[in-house]
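Below is one structure; the comments refer to it alone.
The values are calculated or read from the model by the stated rules, or taken from the named source; none is laboratory data. These figures come from a predicted structure and were not determined experimentally. Neighbour counts are summed over all protein chains in view; Cβ atoms, including those assigned to glycine, are modelled from backbone coordinates with ideal geometry. Areas reflect the complete protein model, heavy atoms only, side chains present, ligands, DNA and RNA absent. Shrake-Rupley method; radii C 1.70, N 1.55, O 1.52, S 1.80 Å.
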Amino acid sequence: MAMDMTRRFDTQVQLLKYKVLKEVARLAFNDELGENLLDIPKTIIPGTTPTTRCCVYKERAIIGERVKMAMGGDHKNPNVVEVLPIACDECPVGGYEVTDACRGCIAHRCEHACKRGAIYFDHHQKAHIDKSKCIECGMCAQNCPYSAIHNFKRPCENACKVHAISMNEDKSARIDNSKCTSCGACVYQCPFGAITDKSFILNVIDILKRSDNGRNYKSYAIVAPSISSQFSYATLGQVVSGLKKLGFHNVVEAALGADMVALDETRELMERGFLTSSCCPAFVTFVNKFYPELSKFVSSNPSPMVAIAKYIKSNDPGAKVVFIGPCTAKKMEFQLPKAHPYVDSVLTFEELQALFDSRDFDLCTLGDDVLDNASYYGRIFARSGGLSDAITEAVKELGAEGFEFKPEVCDGIDACKMALLKKSKNIPMGNFIEGMACDGGCIGGAGCLTHGAKNKAEVDKYGRLAYEKKITEAVSMLK
Amino acid sequence: MRVTVCIGSSCHLKGSRQVVQRLQSLIAENKLQDKVELAGTFCMGNCQHGVNVNIDEKNYSVSPETVDQFFKDNILSAVK
């Protein structure tokens, strides 16, 4: 398509990843991937003039690595997030350094703020940091009136709030799988696209092709409610039409699974007295890896994705189910024993865009199909605070007004960490931790096409459009 | 007897929840719980004629207004 694709993504890194996914998907749909695999780098990086790296040969070598990720990545590495070492620019990792903005003032606030005596001055009164003494606390930077002290930290390490990223001896980034939650924050933040999520796009194409438009089995697309803030150049109805045109028999809202979860989680909370949410796979992984003693408080409910997939398969046992959302961690979750029997594959919105374009679908020319299964409350799970709003409503709908619901709404992994720390130290707090690893909730997910300030409002608007106004009514027909 | 009601988006907007709820209460009133199994499915590929209801491979077009008559003609008469 000739239209300007750059506007559909936040960054050029996403665009590059998309081009590779689109090409891989196009060849796979035509059964031509095998014989053309090695030509993809040259198709994407033609000519002799480099645009992103030192030479076109390095650019093509990196594209080769991206092709591998588009085809599922390193099967020996269980993590769905991987580093592409040759793409890593080995960014500076100097930590706190005094920049040229230092005016050589006479106050020396930096020196007084440093408890380690690491600040010294040259004969122009300009400050320097003795790295053998510095502990990277940042107090000097906070106190400099000219903001002349800067923390040169790698964007990937900065993005990773669970400190799973460090540096190899060759200075390329390394992910510690024992800490990583597969949230994808580093994938979105790395300015060189050197950390990326494995794609299951080939599995999805295989599922669609073998289904033969429903003749062999039906394939269902479960879409996350955050889709309401995505594909903004088309209508949601056109996206649904596009999914059906790809070969999905039907499109179902994950938000209906969220309605189911909201009711069951409310019942479980009233019974047990304290609970954390279980819908965000990165949050659940975080609890299990960093606060294993609190794992017993994680709700036993399946995630909305699993809840609705389970329902679909209970009525259509031969069905294949593909979850489509903003989330890289869902790619990890669907492989877990509790999800695997129900969810056959996972795509991100980025990958869905590539899939549409690999078939040359112009969504804007398609008719408006409908998508309406869930209630307002199921739909607002896509943003931070939505799950807690849904439980507040569920308490009312279940007629349990006597129950006092006190949620700790944790927006982003740092907030989750604080709440879990409080709980682990038995510091008085609410009776429910809503844990969302991404800032803003799922709308902040790494697999979104775009991230914007209006996304929350879009989700709420989509919620209000739901035919069902109550959670109990949305789920009543599932019994 | 297995009665499957389409609960896909299109039928949902045409009232499949009301159809399901009415069928549930009619089945209960007539004490047919052990004879009639109610199930849901997402889309029967016949959206123009929703709400689609399927009984033993046969498709019926039902609405919240016609559900009582449908129950009488196709469920009650078949199981009694």
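Observations on the model:
- Test: residue in the range A:443-455 that is within 11 Å of chain B (Cβ to nearest Cβ) and part of a loop (DSSP other than H, G, I, E, B): no
- Neighbours by Cβ (under 6 Å, 6+ apart or cross-chain): first from the range A:397-421, farther than 13 Å from A:G441 by Cα; second open to solvent by 20 Å² or more (accessible area, probe 1.4 Å) and part of a strand (DSSP E or B): A:A419/A:E408
- Selection status of A:A254, at pLDDT 95 or above, in contact with a Pro (Cβ under 8 Å, 6 or more places away or on another chain) and either under 30 Å from A:S166 (Cα atoms) or not charged (D, E, K, R) (or both): yes
- One residue from A:S358, A:S375, A:S314 being of a type outside the set (D, E, K, R) and away from chain B (no Cβ under 14 Å): A:S358
- Test: residue in the range B:1-12 that is among the hydroxyl-bearing types (S, T, Y), within 11 Å of chain A (Cβ to nearest Cβ), under 16 Å from B:V67 (Cα atoms) and surrounded by fewer than 23 Cβ atoms within 10 Å (Cβ to Cβ): yes
- Residue within the range A:320-331 that is within 14 Å of chain B (Cβ to nearest Cβ) and open to solvent by 20 Å² or more (accessible area, probe 1.4 Å) present: yes
- Index of the failed condition, A:Y311 passing every other in (1) closer than 26 Å to A:V223 by Cβ; (2) touching a helix residue (DSSP H, G or I) at 6+ places or on another chain (Cβ under 6 Å); (3) open to solvent by 10 Å² or more (accessible area, probe 1.4 Å); (4) outside any loop (DSSP other than H, G, I, E, B): (2)
- Of all residues making up the range A:104-128, the number that are among the hydrophobic types (A, V, I, L, M, F, W, C) and either more than 17 Å from A:Q142 (Cα to Cα) or open to solvent by 80 Å² or more (accessible area, probe 1.4 Å) (or both): 2
- For the range B:52-60, the condition holds for no residue, the condition being that it is of a type in the set (F, W, Y) and within 12 Å of chain A (Cβ to nearest Cβ).
- Residues of the range A:53-73 classified as of a type outside the set (F, W, Y), open to solvent by 50 Å² or more (accessible area, probe 1.4 Å) and without any contact (Cβ under 8 Å) to a residue 24 or more places away in the chain, total: 3
- Any chance A:L387 is more than 30 Å from A:F29 (Cα to Cα), assigned to a helix (DSSP H, G or I) and modelled with pLDDT of 95 or more: yes
- Within the range A:468-479, residues that are at the interface with chain B (Cβ under 10 Å from one of its Cβ atoms) sit with their Cβ atoms under 8 Å from residues that are of a type in the set (V, I, T) and buried (at least 16 other Cβ atoms within 10 Å of the Cβ), at 6+ positions apart or across chains, in these pairs: A:S476/B:V20; A:M477/B:V5; A:M477/B:I7; A:M477/B:V20; A:L478/B:I7.
- For first residues located in the range A:82-93 and closer than 19 Å to A:E59 by Cβ and touching a residue at least 24 places away in the same chain (Cβ under 8 Å), partners that are open to solvent by 20 Å² or more (accessible area, probe 1.4 Å) and of a type in the set (K, R) and lie 6+ apart or on another chain with Cβ distances below 6 Å form the pairs A:E90/A:K171.
- Restricting the range A:76-103 to residues that are part of a loop (DSSP other than H, G, I, E, B), modelled with pLDDT of 95 or more and open to solvent by less than 40 Å² (accessible area, probe 1.4 Å) leaves a set whose member that is farthest from A:R66 (Cα to Cα) is A:C102.
- Flag for A:A374 being in contact with a strand residue (DSSP E or B) (Cβ under 6 Å, 6 or more places away or on another chain), open to solvent by less than 10 Å² (accessible area, probe 1.4 Å), closer than 20 Å to A:E253 by Cβ and modelled with pLDDT of 95 or more: yes
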